[in-house]
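Computed from the coordinates by the stated procedures, all read-outs in this text should not be read as laboratory data. Since we're looking at a predicted model, the values are computed, not measured. Cβ placement follows ideal geometry from the backbone for every residue including glycine, while neighbour counts extend to all protein chains displayed.
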Amino acid sequence: MDSSVTGTGDKKVVSTISSDKVSRLQMLCNYLQYLKLFNTIERTLVHVSMALSMPSLQTSGHVRNGLGTSTYPKPQELARLYDTLVQNLQEMIGLPGLMQQHVGLRSLLQAKLVAYRSYRCYYLAFTYSHGKRFAECSALLARAKRHAEEAVHSLSSETASWTEDEASAAPGPSADDLTRSLTDALLIQIAAEDLTCRAVYMLDLSDATSNTEPTSMTTETGEKLTNKPLIDRLDTYLDPKSVEKSLLTLAYPFVSLPPSFEPVPVKPILFDLALNHVNFPSLVDKLDQKSGAASVAGKAGAGIAGFVRGWFWGSSEDATNTKPPSQVQQQKMTKSKSGDRS
């Protein structure tokens, strides 16, 4: 009886010792994971500060108040770094054993998690702004503002539930420094970038509606209106700037030279043949009257002048019929004269 009792007691002692060893090993593994995540977060924060501290970015206006602006060349890189911070903090909060024992450290890490989410939304909005997706950009900026205000409220001294030792064990800047950067830099920059996003959206919308470029307007054949002369687009209104541009680019902006060949209708043959079958009125009576009047006028004019001409030079018929004698007649006349003499 006593032996059985002592045997069972030894088993209980062995089980408690083995469970104590397992819990200690688990706590050691969790602590090593915590140190690994702590160093990863610190390294990522150094990468962020190095990316924003380049002199060329600060002189060109891409960085303002320690934050990247909408003109930052590659905002997706900063968004990726802050996404890494968020994932590491989530893994740190999910470590078993440590966070259950330190509730204040857990609340501090959750407040920093919300703060880094606001930074991630802030830089992610610029990736949509570069792609001219202004609605998404404005929505992400509004979400970043909401996360920043929530983080400021969680990091304030009124709601703080962590001790100084737990605050020193948390990775990243202190709660006061993080709150100051959120209120003095991030919230102000979010408001400025939101106004910039809205202004750029309105300018882009006005350019797309009122100042439409002629290159986007094409005819039915697909030819651009700016490449057509003025005579072919008289019924289409274009912006004065586009008209001036076409005047400078086209060689012949008013008409096309040389003109293109076009089929022209000719005179039908029917009208040429129709004159052969038209019966015109007879004009014989009028022609006889005109010829009779001309003969009477000729006879009247040949009165005294004809008499005088016939008296001195003979009649006109004799004058017209008299011809100079030929050589044969002249020889005959000479022979007859010589015969008469003999």
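For region 118-154, residues that are closer than 19 Å to residue 62 by Cα, of a type in the set (D, E, K, R) and touching a Phe, Trp or Tyr at 6+ places or on another chain (Cβ under 8 Å) total 1. When you look at residue 67, is it in contact with a strand residue (DSSP E or B) (Cβ under 7 Å, 6 or more places away or on another chain) and closer than 20 Å to residue 184 by Cβ, yes or no? It is false that residue 67 is in contact with a strand residue (DSSP E or B) (Cβ under 7 Å, 6 or more places away or on another chain) and closer than 20 Å to residue 184 by Cβ.
Search region 34-57 for residues being hydroxyl-bearing (Ser, Thr, Tyr) and out of contact with any Gly (no Cβ under 9 Å at 6 or more places or on another chain), and hand back the single one that is surrounded by the most Cβ atoms within 10 Å (Cβ to Cβ). Within region 34-57, the match that is surrounded by the most Cβ atoms within 10 Å (Cβ to Cβ) is 44. Which residue is nearest to residue 185 (Cα to Cα), if the candidates are limited to region 108-118 and must be in contact (Cβ under 8 Å) with a residue 40 or more places away in the chain and either among the charged types (D, E, K, R) or surrounded by fewer than 19 Cβ atoms within 10 Å (Cβ to Cβ) (or both)? Residue satisfying both the conditions and the ranking: 112. Scanning region 150-168 for residues that are of a type outside the set (S, T, N, Q) and surrounded by 15 or more Cβ atoms within 10 Å (Cβ to Cβ) yields 150, 151, 152, 155, 160, 162, 166, 167. From the residues in region 46-72 that are touching a Leu at 6+ places or on another chain (Cβ under 8 Å) and without any contact (Cβ under 8 Å) to a residue 40 or more places away in the chain, which one is farthest from residue 192 (Cα to Cα)? It comes out as 47. Looking at region 91-102, is at least one residue within 20 Å of residue 172 (Cβ to Cβ), buried (at least 22 other Cβ atoms within 10 Å of the Cβ), of a type outside the set (A, V, I, L, M) and in contact with a Leu (Cβ under 7 Å, 6 or more places away or on another chain)? So far as region 91-102 goes, no, none of its residues is within 20 Å of residue 172 (Cβ to Cβ), buried (at least 22 other Cβ atoms within 10 Å of the Cβ), of a type outside the set (A, V, I, L, M) and in contact with a Leu (Cβ under 7 Å, 6 or more places away or on another chain). The set of residues in region 119-132 being surrounded by fewer than 24 Cβ atoms within 10 Å (Cβ to Cβ) and over 21 Å from the mean Cα position of the chain (by Cα) consists of 120, 121, 124.
Of 70, 129, 157, all but one fail to be touching a Ser or Thr at 6+ places or on another chain (Cβ under 7 Å) and not in a helix (DSSP H, G or I); the exception is 70.
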